[in-house]
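Note sheet for the following structure.
The values are calculated or read from the model by the stated rules, or taken from the named source; none is laboratory data. Just so it is clear, the structure is predicted and the values come from calculations on it, not from any experiment. As a convention, Cβ positions derive from the backbone with ideal geometry for all residues, glycine included, and neighbour counts pool all protein chains shown. Calculation scope for accessible area: heavy atoms of the full protein, side chains included, ligands and nucleic acids excluded. Shrake-Rupley method; radii C 1.70, N 1.55, O 1.52, S 1.80 Å.
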Amino acid sequence: MKKSKILIVDDIFSNQLLLISIIENTGSDYRVASNGKKALEMLESEDFDLILMDIEMPVMNGIETTTFIRKKFSEPKKSIPIIALTAHNKFEFFDNIIAAGFTEFLSKPYTIIQFNALIQKYIHK
Ligand SMILES: [Mg+2]
């Protein structure tokens with residue numbers, strides 16, 4: 001099975017560490033960006049199978065970043081699965097998440113079972 005590569009986009013270091021530990025357990029490769037602008041730079045030069053995108057970030061938030069990818073990138077990067085990572089109140093941003101073009105969203109606390117399911121669904125299909 002091809003090793004998948006996941007882009008983690010989150011501004012909080014402890015969230016990054018948690019996501020890294022979960023992703024490592026799924027056997028996937030990963031890269032980490034601390035805001036949307038850095039994520040766009042990485043996506044321009046590298047290929048990813050899946051993006052895990054925090055919503056609230058400095059410089060460029062998850063809604064802006066996902067909107068940019070869906071509107072400005074060309075295929076296949078334009079259509080990469082992007083999962084919104086939301087905090088407690090996921091409905092606060094619900095309309096914006098849908099409008100931005102996120103593939104689906106995941107609310108905390110995350111589990112390795114959820115990530116394995118995402119990888120099965122979007123990468124090893
Ligand atoms: Mg954040």
Q | Qualifying positions in segment 75-103 - of a type outside the set (A, V, I, L, M, F, W, C) and either touching a strand residue (DSSP E or B) at 6+ places or on another chain (Cβ under 6 Å) or in a loop (DSSP other than H, G, I, E, B) (or both) | A | GLU75, PRO76, PRO81, THR86, HIS88, ASN89, LYS90, GLY101, THR103
(Q) With farther than 23 Å from SER4 by Cα, out of contact with any Pro (no Cβ under 9 Å at 6 or more places or on another chain) and crowded, with 20+ Cβ neighbours inside 10 Å as the only criterion, which of ALA100, ALA39 stands out? (A) ALA100
Q: Give just the number: which of (1) modelled with pLDDT of 95 or more; (2) of a type outside the set (Gly, Ala, Ser); (3) touching a helix residue (DSSP H, G or I) at 6+ places or on another chain (Cβ under 9 Å); (4) open to solvent by less than 50 Å² (accessible area, probe 1.4 Å) does THR86 not satisfy?
A: (1)
**Q.** Subset of segment 13-59 [within 15 Å of the ligand (Cβ to nearest atom), more than 14 Å from the chain's Cα centre (by Cα) and among the β-branched types (Val, Ile, Thr)]
**A.** VAL59
